[in-house]
Amino acid sequence: MSTIVTETQGVTLPAGPRTPVPDPAGHALEALSEIQQLWLDYKATPTPSGRERLILHYAPLVSAIAGRVGMRLPNTVESADLVSYGMFGLIDAIDKFDPSRDIKFETYASTRIRGAIIDELRALDWIPRSVRSRAREYDRACQHLENTLHREPTNAEIAGHMGVKEKDIWQLQWQVSSGNVIALDEVVATGDRVDQISAMESVQRTMTDDPAQSFAQVEMREILGSAVDQLNERERAVVTLYYFKSMTLSEIGRLLGVTESRVSQMHSAILLKLRKQLIAVEAD
């Protein structure tokens, strides 16, 4: 690659392909030669207009980095806010960049832009970093135990895996949950589908008992309990162990002395039998 050498502050800039692009004034200039000249002029005589033109040129870099950072954040964080935070890092990088060094500005600025975004997010987060770190450790422990036990682990099991007391797990869960904030007008999911209701409406629905729904739930529990009572002893054991003791099919199979596939067959037959009984009750 050839180079363009100038005596202005001893700056050596790379030469490369030149493609016409419009500058902020609307003139068609050659991309590489334009940015070279911008850097030379700004470092020779820093002016607000020169810095503004550099900011406009590198603004897409801020948007790209903000987009990558935002992929790991909850939906409550606005992408426009991340871009705004990153702009401070870009401005700082422009002021401190030395073009005479053998490093691309994009490489130098990327670290500062990302750092500015992270620093601002941490400043806005009221949960201490130590708690966030423990929360990540908690998530890893839960995932490991779920893969090992093939079920949701208890707090006692999580505490044992992390080497802490069970009360510490409760405290960690409370600290993390207190930091999960959503807007009151944000659409939330309820049940197995998404209802077009806001978080405020969801809270109101949760706090208000529906008499008709409560009666229907009590009646359904009674009907289901009656249907379960009509199962034989072995079938009731499968229902109890699977739905009330949260045991896996393989664990139930070992307890009953049968294979996991046999327990799966029994479970399917039980559901079919209960469904038929419930349909018969509704028909009456």
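The values are calculated or read from the model by the stated rules, or taken from the named source; none is laboratory data. Just so it is clear, the model here is predicted, and its values are computed rather than measured. No Cβ is skipped: glycine too gets one built from the backbone with ideal geometry, and neighbour counts run over all protein chains shown.
Among the residues of region 63-84, write down those that are polar (S, T, N, Q) and not in a helix (DSSP H, G or I).
Hits for region 63-84 are Asn75, Thr76.
Of these, Glu146, Glu137, Glu78, which one is of a type in the set (Asp, Glu), under 16 Å from the mean Cα position of the chain (by Cα) and assigned by TED's automatic domain parsing to the domain that holds Asp168?
Of Glu146, Glu137, Glu78, the one residue that is of a type in the set (Asp, Glu), under 16 Å from the mean Cα position of the chain (by Cα) and assigned by TED's automatic domain parsing to the domain that holds Asp168 is Glu137.
Taking region 247-284 as the region of interest, how many residues are in contact with a helix residue (DSSP H, G or I) (Cβ under 9 Å, 6 or more places away or on another chain), at pLDDT below 80 and of a type in the set (Asp, Glu)?
1
Hey, could you check region 15-61 for residues that are of a type in the set (Asp, Glu) and modelled with pLDDT under 90 and say which is nearest to Asp92 (Cα to Cα)?
Asp41
Condition first: among the polar types (S, T, N, Q) and assigned to a helix (DSSP H, G or I). Now tell me which residues in region 256-279 satisfy that.
Ser261, Ser264, Gln265, Ser268, Gln277
One residue is enough: does region 256-266 have a residue meeting the conditions small (Gly, Ala, Ser) and touching a residue at least 24 places away in the same chain (Cβ under 8 Å)?
The answer is no, given that none of the residues of region 256-266 is small (Gly, Ala, Ser) and touching a residue at least 24 places away in the same chain (Cβ under 8 Å).
Looking at Gly225, Gly253, which one is in contact with a Ser or Thr (Cβ under 7 Å, 6 or more places away or on another chain), outside the structural domain of Thr148 (by TED's automatic domain parsing), free of Cβ contacts under 8 Å to residues at least 24 places away in the same chain and not in a loop (DSSP other than H, G, I, E, B)? First the steps, then the outcome.
Numbers: Gly225 fails: in contact with a Ser or Thr (Cβ under 7 Å, 6 or more places away or on another chain).
Unique residue meeting the criteria: Gly253.
Would it be correct to say that Met220 is within 41 Å of the chain's Cα centre (by Cα), outside any helix (DSSP H, G or I) and at negative phi?
no
Given Ala116, Ala109, Ala66, which one is in contact with a helix residue (DSSP H, G or I) (Cβ under 8 Å, 6 or more places away or on another chain) and closer than 20 Å to Ile35 by Cα?
Ala109
Under 9 Å between Cβ atoms, at least 6 apart or on separate chains: pull out the pairs that start in region 94-116 with a residue that is assigned by TED's automatic domain parsing to the domain that holds Gly70 and among the hydrophobic types (A, V, I, L, M, F, W, C) and end on any residue that is surrounded by 16 or more Cβ atoms within 10 Å (Cβ to Cβ) and in a loop (DSSP other than H, G, I, E, B).
What qualifies is Ile103/Phe97; Phe105/Phe97; Phe105/Pro99; Ala109/Phe97.
Scanning for something farther than 24 Å from Thr45 by Cα and out of contact with any Gly (no Cβ under 8 Å at 6 or more places or on another chain), does region 108-117 turn up at least one residue?
yes
Go through (1) more than 26 Å from His150 (Cα to Cα); (2) in contact (Cβ under 8 Å) with a residue 60 or more places away in the chain and name the single condition Thr248 misses.
(1)
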